[in-house]
Amino acid sequence: MSPTSSSARPGPTVGIRSENLTKKYGSTVAVDDLSFTAEPGVITGFLGPNGAGKSTTMRMLFGLIKPTAGTITIGGRDITDLDDPARTIGALLDARAVHPHRSASDHLLAFAYAAGLDRRRVDEVLDLVGLSDAAGRRAGEFSLGMNQRLGIATALLGDPGVLVLDEPLNGLDPEGIRWIRTLMRDLAGEGRTILFSSHLMSEMELTADNLVVVGQGRLIAEATLDEFVRANTTQAVAVRAQSPAGLGLALREAGVAFSTQPDSSFLVVGTDSSTVGKIAAAEGIALERLGPVRESLEDVFLRLTHDVTDFEGRAA
Ligand code: ADP
C-alpha cells in the first residue's frame, strides 16, 4: 500500500492542460492567453507575483469561474465532464474556507458524505496530515498551519490522482513547510499530478520539478527548474576595493556595467573575475575581495517579472 493512499491505486493520474486560457474582468485581463501543462509524476510549480492570475487560473480549472476564452482541462476533460471528480482531482484553494464551529472530522465527514466516500477515509487523511489528535477540535480554533493541513486532508479525501494546491506554504512554520514538501514529493512519486502555486521563488526552488512562471496573466516561462536556472541565471562577480570610488571609475572607463551593493562592494554582471582583477590592477587599485557569484533564483524571478508585476512596494 502506498504511504498516502488507502488503496493500492490512487485515482486516475492524468495531466492538466491550459490552452489559450483567458479571463477578463472589464478592462482587467486577469489571465491572458495562457497555455501550459502539468504532467503526472512531477511537481509543477505555478509561480508568479501577487496578482499574476494564479488563483483565477486554478478557479477556472475547478469550474468556479468561467473563462472568457480558451480551456483548462484534466486528462482532456472539463471538470464538469469527469466521471468521478472526487477520485480524479483534489484542491486546496482557500485554507480558511471551513465552518469555524465544525470540528475537523465533521468538516471532512461532510465532504466524504457529499462525495460518496467511505467514512473510514476521514481518519486516514487526518492521520496523514498529522491532525488525528485535533480531530474533535473546532476548525475556528485552528492556526493557519492547522487549517492548511485540514485543507490538504480535504483535498486528499478521494485519494485523487491530481492535486491542485493554491499557496499551500503560506503562513507555515519551517516544520510545516518541510512536511508539505515531503508530502508533495511522495504524492508525485506515486505518479500523481501536483500543481501548486506560490509567489515566492525561494519556495519553488526547493520543491518544484517543473515551473510555469506567470506575470500579469501571461506565460513568462515554462521549463524544468534546471532549465530555468541555466537559461536565466547570469554569471556575476562580486568585488570590493579599498577605494570603491576609484574602482567605480576604472570599471566605468572600461565600459563594464556594475551595481553598488549595501556594503559598498560592486556586483559586476556579464564578465569574469579575471577581467575585473586586471582592470583593478592596471589602475593600481587594491582589492579586498573578488570572486564569482551566482544570481539567486529570487533575483532572476524578480527581474523576469519586474515589468509585469501587478503590485510592488516602492521606496519613497
Ligand atoms: P494571483 O493568484 O496570482 O495573486 P489573481 O488570480 O488573484 O492573482 O488575480 C489576477 C488579477 O485579476 C489581479 O489583477 C486581480 O486584481 C484581478 N481579479 C481577480 N479576481 C477579480 C474579480 N473578481 N474582479 C476583478 N478583478 C479580479
Pseudo-spin-label distance Ala286 to Asp272, built 7 Å along Cα→Cβ, given in nm, is 2.8 nm
Give me the one-decimal nm value for the distance between modelled label points at Arg185 and Glu253, 7 Å along each residue's Cα-to-Cβ direction. 5.3 nm
Rough spin-label spacing in nm, given labels placed 7 Å along Cα→Cβ, for Glu298 and Ala223: 2.1 nm
Share of Cα-Cα pairs in the stretch 19-92 beyond 16 Å, in percent? 51 percent
Within the stretch 162-266, report the chymotrypsin sites (Phe, Trp or Tyr not before Pro) that DSSP leaves as loop and that have at most 14 other Cβ atoms within 10 Å. none
222 nm [θ] for the chain, helices only, -39500 (n - 2.57) per DSSP H run of 4+, per residue, to 500? -9500 deg cm²/dmol
Looking only at the chain, where both bridge partners belong to it, what percent of the DSSP beta bridges are antiparallel (to the nearest 5)? 65 percent
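For a protection proxy built on the mean count of beta-carbon atoms within 10 angstrom, sort 27-38, 92-103, 45-56 highest first, please. Numbers along the way, then the final one.
Working: 27-38: 18.2, 92-103: 15.5, 45-56: 23.3.
My ranking of the peptides, most packed first, is 45-56, 27-38, 92-103.
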In Å², nearest 10: area of Ile220 left accessible to a 1.4 Å probe: 60 Å²
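Keeping all protein chains in place, calculate the accessible area per residue for the chain (probe 1.4 angstrom), answer in Å². Provide the component values of the computation, followed by the final result.
Numbers: 15330 Å² over 316 residues.
I get 48 Å² per residue for the chain.
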Got a sec? What order do Ser197, Ser202 fall in by accessible area at 1.4 Å, biggest, i.e. largest, first? Ser202, Ser197
Using a Förster radius of 30 Å, what is the FRET efficiency between Gln261 and Thr68 based on their Cβ-Cβ separation? Nearest 0.05, please. 0.10
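Which percent of the accessible heavy-atom area of the chain goes to carbon and sulfur, probe 1.4 angstrom?
50 percent
Restricting to lysines 8 or more places apart or on different chains, can you count the pairs in the chain with Cα atoms under 26 Å from each other? Intermediate values should be presented prior to the final figure.
Values: Lys23/Lys54; Lys23/Lys66; Lys24/Lys54; Lys24/Lys66; Lys54/Lys66.
Lysine pairs meeting both conditions in the chain amount to 5.
The values are calculated or read from the model by the stated rules, or taken from the named source; none is laboratory data. Given the structure is predicted, the values throughout are model-derived calculations rather than measurements. Cβ coordinates were reconstructed from backbone atoms using ideal geometry, including for glycine residues, and neighbour counts include every protein chain displayed. All accessible areas refer to the heavy atoms of the entire protein, side chains included, with ligands and DNA or RNA removed. Shrake-Rupley method; radii C 1.70, N 1.55, O 1.52, S 1.80 Å.
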